[in-house]
Every structure is written in structure tokens, then in C-alpha cells.
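Undergrad: Before I ask anything, let me first share the structure, which is written out below as C-alpha cells.
The values are calculated or read from the model by the stated rules, or taken from the named source; none is laboratory data. No experiment lies behind these values; they were computed from the predicted model shown. All Cβ positions, glycine included, derive from the backbone under ideal geometry; neighbour counts span all protein chains shown. Accessible surface is based on the protein model in full, side chains and every heavy atom, while ligands, DNA and RNA are left aside. Shrake-Rupley method; radii C 1.70, N 1.55, O 1.52, S 1.80 Å.
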Amino acid sequence: MRDTNVNMVSQNAIKEQIEGLRRELNYHNHKYYVENAPEISDFDFDAKMRLLQDLEAAHPEYADPNSPSVRVGSDRCSEFQSVEHRYPMLSLSNTYSIEELGEFIERIEREAADVEFVCELKFDGTAISLTYENGRLLRAVTRGDGVQGDDVTANVRTIRSVPLVLSGDDYPAYFEIRGEILMPYSSFDRINAEREAAGEQLFANPRNAAAGTLKQQQSAIVAKRGLDCVLYQIAGDALPFANHWENLQAARRWGFKISDKMQICHSAKEVFDYIAYWDAERKALPFPTDGVVIKVNDFALRRALGFTAKSPRWAVAYKFKAEQALTRLESISFQVGRTGAITPVANLAPVQLAGTTVKRATLHNAEQIAALDLRVGDMVYVEKGGEIIPKITGSEPAERSADSRPFEMIAECPECGTPLVRYEGEAKHYCPNQSGCRPQILGRIIHFIRRKALDIDGLGAETVELLFESGLIRDVADLYDLRAVDLASLPRLGDKSADNIIRSINRSREVPFNRVLFGLGIRFVGETTAKHLAGFFRNIDALMVAQREELMQSEEVGEKIADSIIEYFADEANCTIIERLRTAGLQFEAEQRALHSSLLAGKNVVISGKFIDHTRDELKELIELHGGKNQSGVGANTDFIVAGENMGPAKLQKAQKLGISILSEAEFVALIAEESDSESVAENAKNEPQNESRNEPQPTQKEPAQTTQQPVQGTLF
Ligand code: IVH
């Protein structure tokens, strides 16, 4: 009996761990693929993914078709035309271990004698597939989800290293060539400097800058961004050679930029030497690389080795550990964020790291400094992962001077002198003086005008400071009282820019509710949570009076976020600002949606538990689209409950006592399906691409009937 209990406890712990990892990975996937603003390094992400894959393999009972481990992130973007790849764009299996790489080589050498491996740099940009017909660039498509990508031809045409018309006469009539769009460090530094001056959010790294640039709506902007394109994989009808190396050399003659750092290796030792050489030498390259790709050269052997569902068996990526540098921690200063959070920042003796000079690094919070036992004067290791700001990973104890003193956290706000506070469960210290602390006031206004919030163009951080200093604005509502004459009188602002700012302030009155809500800057309410909240509560009044329980009904809202929302609206000053913004004409109500049916008119429906095919937001939307009302708690007037897994026991008991019917997710969907038209959310919600296992990537499009473009050697992506 006891054993069984222990077992159940540990089973539960594993399930929770798996679910926690899935949540974390989904979050970071979104940050990386959708927002282009990753928060953790590739190394940390891959480590989490591996842990999840291992746990899932050991516990098939917790399998989930929607786990982040079975899908490839998507970078699709609605503004571009979506194109199906003729052959799926697969990824490579990764390893950080020389030992695993050795096993990969051995496995292949067991299959064939005298294997030739081509070693190449793993370029750290964004993947692209170029199609050429009769020597002319036909199309350039991003990887997307691997099956469909975005047509970014107009943008790619602006990249000077991409040939629009090929040279020579021995290229195939039709072929695809794939490679990486890169942003050299020099362009990256220049663009970020420009963005900083304009008060815009900086690109985290050259990879995000390249991906972000490729998705620009105006190709003229792309043209100025200094992108480059290196090609590394080719496929098509009648390629001139039966191996990778010779075809790429031919492609170089046709005008493509092919890396001159490739090398044919005949043994594991040669491969390891190549890696060791480039792990050091890559630091001198003008663009970022994050590993080495090892590919079988011979096409016949590639065909024999085949593919897994996601990647070829004939290639692998060895990833480099994040670069580190050792430098002196000269001092620690403290930054005050818009929410009052205090972030200690390390001021370092300048050091070269991953192509840029590093002078500062984040230290996160006082606990982190204590955990690493960092002291001013220490020699510290700095690392750059996916984050914009490098981090300190440790110190060199042997180099510590005898008179160094342990770090002590400040007790008062460095900006306004208010004693700092700590909130339960929070590692950070906060300055509670929201209305009087300068960086908090400015930070809130700068956040409000951000592109993803109210998108007030022409107003950068500098102008906001200027307006604040001159007494024209103290809070976000003051923006709507500004007149062009007020602005034009400021130094460095002429009539024209004043007019532009006013125009863009006026335009912001049309910005949808979810972005206004995000712009308010409620602690922990990010862009996605704001979207969920706006969809769930539909207007600010409903949100303002919502209780903790009700708030937690909304997707992604836990206790911490719910409490922060309640705290925000409990503050008179915030409510006054909202009223002023409302009077100024801002959107505090979500857009009306057309009803699908009146099947649920007058019905009160409660949603409870976890669901498989829908999020709670989607279910709520479905109820409302059919005329029903979503209730947060079970009561005598509840008509029915849509119950998922783990419905709350209290709700269940109450429902049974009141004799309220309980519908499963499937029953509910069946109920409304009869009434739904073909465009219902219920159907759209399930349009996720399926990942089928196959031995070779199948063409994703039907072959055109009249042509014979079946690539002979060309399925080898
Ligand atoms: S070969 C079937 N070669 O790494 C895989 N990929 O996960 C074909 N990458 O999406 C890719 N440098 O964006 C290949 N020399 C190289 C590469 C490379 C960078 C990227 C590419 C791909 C990812 C692999």
C-alpha cells in the first residue's frame, strides 16, 4: 500500500515535470519563432527539449500529440503569401557531444567503406529555399513550419549575394537550392545603434535581425540592412554530379555564394580536427556560426541511409558551446524598470565576445549574485546565449583579491531613495514609488508607445524624456492632451515631426483593446496574456471588477498574474488614467463578432478542467459565437458545464447536487457542430499540420501533370 502511494506521488511528479517543460518550451518557442526575442540560449533550450524527450520516451503514458517535442516551430507570417515546399524543409539532428558525433560517424562507416564526409560551418541565420527556372530566380521561400513557408521573393531579390540570373550553361533547367540568410556583425551593430537612437527595441542577435528583416513589408528597408546569403544544399533534376561537394562547386560557378570553409574529411579524426579548428577560428569570421554540419558526400549513400520523420540520417549538426570570455567585474550598478523592479547590472572591463565588445552583463537579482558568490573586483566568465544582454556564469576564485568584500544588496531605490520592498515568491527587489520614481514613469510611457502596444510612431525614448522634463507629460493619458504647438516648441522638434507625432497619437485611438491593455503595463501582463484577457473579458469594465477566481479562468492567468491585475485596478491613480484614456477615445472593448448561431441564446455555460483540442479561450469564444454566456462559477442558473480533464471537485459536487448536465469537450463540439457553418472556430482550431513518419521526405505538392520534374538525385534535402 505504502509503495503504491510512493509510486503515485513520483508518477505525479513526473507528469508535472513533463507538463511544466512543455509549457516552458512552448513559451520559449513563441518568443523565438514568433516574437524574434528569445529569452534563453539555444543551449538551454536544447537541454530542456532533450530532458522532455527523454521523459516522454520513458513515460509513453503521458504522450501528447501537441507536445513541443513533436513539432517544428513556425515562422509564418500572415502578410506573406504562403507557399508549400515542393519537398519539406527538414532540420538536422543536433549534438553537443563529440562522443555522439563519433557514434554517428561509426554508424555510417559500418554501412559503407571509404566514406567521405563534408564538413561545413553551421551558419547562424535564417533558412531560405531558392527555386531557379531556366537560370532565373523564380521564388524564395522561408522555412516556415517545414511544410509551408512564406514567399519572401521580393525581399530576397534585394540581397546582393543572391544571383537573379545564373552564369554558365550547365545548370539544371529547374532546381532548388537552400541556404542561410545571414546578417554580418557589422550590419547588426549598425542597425541596433540606429534602433537604439530611435528608442526602438533592439534585435537580440544577428539571427533574429536576419529573420526579422526578411519579414519586413517593405523590400526597400531590406535592401538597406546588409543581408548576405550562403547556400549549402542543392536538389533538382539532372544535377551535374552524384555528390554534394562537386554540385556545390558547380553552384559556385553559376554565381551562388558557397562557403570556402567546407572540407572533405575521410575519418572521425579529420572531422574532429575541423571542429577544433573552427571552434577557435570562427571568432574571427564576420558573421555568426553556431556549429559544424557533417554531411555524407555521396548521394547514393545518402539514399541508402534515408530519413527519420524530422531529419536526414546522413547528416548531423555539432553545436558549439556558447562562447565565454574572462574579464574583470569593475562595479555593480542598479537599473530601475518600469514596474519598479531593480536589476543589478555588472559593469565589466570591455572584452571581445562573439563578435562584439561586451561592457555590461545582467545579474538578474541579488540572490543570483549571492549564488554565484560574485564580488566587485572578481575575474568573471561572461557568456552570450540567445539573449541580448550577456550573462555572468561564474568567477575565477584563484584570481580573487584578499581584500574583496561580499556583495551587499542596496536597501533604497538608486533613483528616488524610497526603501525597496520584496514581494512574496519574487527574487527581485522593487521600488514601490510608482508615481514618483522617474525611470518608472518614463518606462511606463515608453512601454505604452511601443510598436506592439499603442504604436505611436515618431515618439522615441528621447522625445518622451524631453516631454517629461518640460512638464508636458507625467503619464500616458497626458499624451492625448498634447497639441502640435506644444511639441514644435521643444528643442530638436520641428513642425513636421510635431505633426507626425500628433497624427500617430490620433491613430492610436483605433488600436485594438488587447494592445491597449498590454500598453497599460500591468505587471506580468505581456502581449499574449493581454490578448487572452481581452478575448475572455471583452471589455475593461468586466476586467476591472473580476475576482481572482474569474481572472484565473482566462488562459495563461495564474495566481501571480491574477493578483497583479487586482492590485493594478485597486490603485485609484490607475483607474483615473484609464478613465482619461477612455474619454480620449481609446478602445476599451474587444471588437464585436458575428454570431454563428443562436443555439445557446440565453444559456449560461461553465467551462471547467483541461481540454485536449481547444484552449479555454476558444471554448469561451465558441459559447459566445453561438449566443451563450460563459459563467465563471456553477450556480442554480447554470444550464450546463463543459468539462475537461481534472474538473474541480467542488464544481463537480455542486453540479451533481443541482442536477446540472455535464458535457465532455467532444459532446460540446458535436452539439454546436450541427449549427456551425464551415468556417467555425471549432474546425479552424484543428488545422495543425500533422507530422507523419516517413522514410524519405515526400513531395508536398502534386507533380504538375504535364511536366516530368521528378528530381532524380534531388530528393536529398
Ligand atoms: S543542411 C536536411 N547545412 O541549420 C537539412 N543546414 O537544423 C538541411 N544550417 O534549418 C540543412 N548551416 O537553417 C545545413 N551548412 C549547413 C547549415 C545549415 C546552417 C541551418 C539550417 C537548418 C538548420 C538545421
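Undergrad: Select, from GLY602, GLY609, the only residue that is in contact with a strand residue (DSSP E or B) (Cβ under 7 Å, 6 or more places away or on another chain), on the phi > 0 side of the Ramachandran plot and surrounded by fewer than 21 Cβ atoms within 10 Å (Cβ to Cβ).
TA: Going through GLY602, GLY609 in turn, just one is in contact with a strand residue (DSSP E or B) (Cβ under 7 Å, 6 or more places away or on another chain), on the phi > 0 side of the Ramachandran plot and surrounded by fewer than 21 Cβ atoms within 10 Å (Cβ to Cβ): GLY609.
Undergrad: Could we say that ARG523 is touching a residue at least 60 places away in the same chain (Cβ under 8 Å), part of a loop (DSSP other than H, G, I, E, B) and open to solvent by 30 Å² or more (accessible area, probe 1.4 Å) here? Give the steps one after another, and end with the answer.
TA: Values: touching a residue at least 60 places away in the same chain (Cβ under 8 Å): yes; part of a loop (DSSP other than H, G, I, E, B): yes; open to solvent by 30 Å² or more (accessible area, probe 1.4 Å): yes.
Against the criterion (touching a residue at least 60 places away in the same chain (Cβ under 8 Å), part of a loop (DSSP other than H, G, I, E, B) and open to solvent by 30 Å² or more (accessible area, probe 1.4 Å)), ARG523 qualifies.
Undergrad: Can you confirm whether the range 468-475 contains a residue that is assigned to a helix (DSSP H, G or I), surrounded by fewer than 18 Cβ atoms within 10 Å (Cβ to Cβ), in contact with a Lys or Arg (Cβ under 8 Å, 6 or more places away or on another chain) and on the phi < 0 side of the Ramachandran plot? Can you show your working first?
TA: The initial filter retains those residues of the range 468-475 that are assigned to a helix (DSSP H, G or I), namely 468-469.
Cutting the leftovers down to surrounded by fewer than 18 Cβ atoms within 10 Å (Cβ to Cβ) gives us 468-469.
Filter once more, keeping what is in contact with a Lys or Arg (Cβ under 8 Å, 6 or more places away or on another chain): 468.
Still in the running and on the phi < 0 side of the Ramachandran plot: 468.
Yes, the conditions are met somewhere in the range 468-475.
Undergrad: From ALA309, ALA361, ALA370, ALA322, grab the single residue that is surrounded by fewer than 19 Cβ atoms within 10 Å (Cβ to Cβ) and more than 14 Å from the ligand (Cβ to nearest atom).
TA: ALA370
Undergrad: List, please: which pairs have Cβ atoms under 7 Å, are six or more places apart or on different chains, and start with a residue in the range 172-200 that is open to solvent by 10 Å² or more (accessible area, probe 1.4 Å) and end with one that is assigned to a helix (DSSP H, G or I)?
TA: What qualifies is TYR185/PRO206; PHE188/PRO206; PHE188/ALA209; GLY199/ILE446; GLY199/ALA461; GLY199/GLU462.
Undergrad: Please list, ordered by residue number, the helices (runs of 4 or more DSSP H) wholly in the range 199-264 having 2 or more residues that are away from the ligand (no atom under 16 Å from the Cβ) and within 30 Å of PRO38 (Cα to Cα).
TA: So the answer is 219-224.
Undergrad: Say whether the condition of being at pLDDT 85 or above and in a loop (DSSP other than H, G, I, E, B) is met by at least one residue in the range 184-198.
TA: Looking for residues that are at pLDDT 85 or above and in a loop (DSSP other than H, G, I, E, B), one finds at least one in the range 184-198, hence yes.
Undergrad: Quick test of your reading of the structure: CYS416 fulfils all but one of (1) at pLDDT 95 or above; (2) surrounded by 14 or more Cβ atoms within 10 Å (Cβ to Cβ); (3) in contact with a strand residue (DSSP E or B) (Cβ under 7 Å, 6 or more places away or on another chain). Name the failing condition by number.
TA: (3)
Undergrad: Sticking with this one: Of a type in the set (Ser, Thr, Tyr), surrounded by 16 or more Cβ atoms within 10 Å (Cβ to Cβ) and part of a strand (DSSP E or B): does that describe THR339? Talk me through it step by step, then tell me what you get.
TA: Details: of a type in the set (Ser, Thr, Tyr): yes; surrounded by 16 or more Cβ atoms within 10 Å (Cβ to Cβ): yes; part of a strand (DSSP E or B): no.
Against the criterion (of a type in the set (Ser, Thr, Tyr), surrounded by 16 or more Cβ atoms within 10 Å (Cβ to Cβ) and part of a strand (DSSP E or B)), THR339 does not qualify.
Undergrad: Further question: Looking at this structure, is PRO163 of a type outside the set (D, E, K, R), open to solvent by 10 Å² or more (accessible area, probe 1.4 Å) and either assigned to a loop (DSSP other than H, G, I, E, B) or within 16 Å of the ligand (Cβ to nearest atom) (or both)?
TA: Considered against the rule, which asks whether it is of a type outside the set (D, E, K, R), open to solvent by 10 Å² or more (accessible area, probe 1.4 Å) and either assigned to a loop (DSSP other than H, G, I, E, B) or within 16 Å of the ligand (Cβ to nearest atom) (or both), PRO163 comes out as yes.
Undergrad: Among the strands (runs of 3 or more DSSP E) confined wholly to the range 76-138, which include 3 or more residues that are closer than 29 Å to PRO172 by Cβ, within 12 Å of the ligand (Cβ to nearest atom) and open to solvent by 10 Å² or more (accessible area, probe 1.4 Å)?
TA: Numbers: elements: 82-84, 117-123, 126-133.
Strands (runs of 3 or more DSSP E) meeting the threshold: none at all.
Undergrad: Any idea which residue in the range 419-448 is surrounded by the most Cβ atoms within 10 Å (Cβ to Cβ), counting only those that are of a type in the set (Val, Ile, Thr) and out of contact with any Gly (no Cβ under 8 Å at 6 or more places or on another chain)?
TA: ILE445
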